[in-house]
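First the structure, in the form of structure tokens, and then the observations on it.
The values are calculated or read from the model by the stated rules, or taken from the named source; none is laboratory data. The model shown is predicted, which means the values in this text are computed figures rather than measured ones. Positions of Cβ are backbone-derived with ideal geometry, glycine not excepted, and every protein chain shown enters the neighbour counts.
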Amino acid sequence: MFKKYWVYVLFFFSISFFIYKKFIYRVKPLDYKIVELPNGWGYEILENNKVFISQTTIPATVGYQVFKSKKEAKAIANLVITKMEINKKGMPNITFEELDSCNISYTK
């Protein structure tokens, strides 16, 4: 009879662990770090304090164009994090309209 209860206890802990890992532990805090480059600025998106995205150029632009200031890099890093938190799937895309709305200076 004691063995029968062990099965129930083991089953309960297994289900509890599964629920914890699937729903509660999934929260992954996102952060950014502004990085200085030889001729401008870039950013890194950190997930659980590990580099997830390293962006050394302005996204959506052609060629090697870097952010002119920390403020520009910070604005787009915040936008990327917001999009990642909303979408939860895949990599975020930055459009020219979003670059313009953040007052990012770039060449088309």
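Is at least one residue of the range 39-55 out of contact with any Pro (no Cβ under 8 Å at 6 or more places or on another chain) and assigned to a loop (DSSP other than H, G, I, E, B)?
yes
Considering only residues that are on the phi > 0 side of the Ramachandran plot and out of contact with any Lys or Arg (no Cβ under 7 Å at 6 or more places or on another chain), which ones fall in the range 35-76?
If the condition is that a residue be on the phi > 0 side of the Ramachandran plot and out of contact with any Lys or Arg (no Cβ under 7 Å at 6 or more places or on another chain), then N49, A60, G63 are the ones that fit.
Any residue that is of a type in the set (G, A, S), modelled with pLDDT of 80 or more, touching an Asp or Glu at 6+ places or on another chain (Cβ under 6 Å) and within 21 Å of E98 (Cβ to Cβ) - is there at least one of those in the range 24-43?
no
Looking at this structure, is K4 assigned to a helix (DSSP H, G or I), at pLDDT below 95 and exposed (fewer than 10 other Cβ atoms within 10 Å of the Cβ)?
Yes, satisfied.
Between a first residue in the range 78-101 that is closer than 17 Å to V66 by Cβ and in contact (Cβ under 8 Å) with a residue 12 or more places away in the chain and a second residue that is among the hydroxyl-bearing types (S, T, Y) and surrounded by 11 or more Cβ atoms within 10 Å (Cβ to Cβ), which pairs have beta carbons less than 7 Å apart while being 6 or more apart in sequence or on different chains?
Going by the 7 Å Cβ cut-off, the qualifying pairs are L99/Y106.
Would you mind telling me which numbered condition in (1) at pLDDT 80 or above; (2) surrounded by fewer than 10 Cβ atoms within 10 Å (Cβ to Cβ) A75 fails?
(2)
Sort through K83, K70 and tell me the only one that's among the charged types (D, E, K, R), within 21 Å of K33 (Cβ to Cβ) and at pLDDT 95 or above.
K70
Using the structure shown, decide if S105 is at pLDDT below 95 and assigned to a helix (DSSP H, G or I).
no
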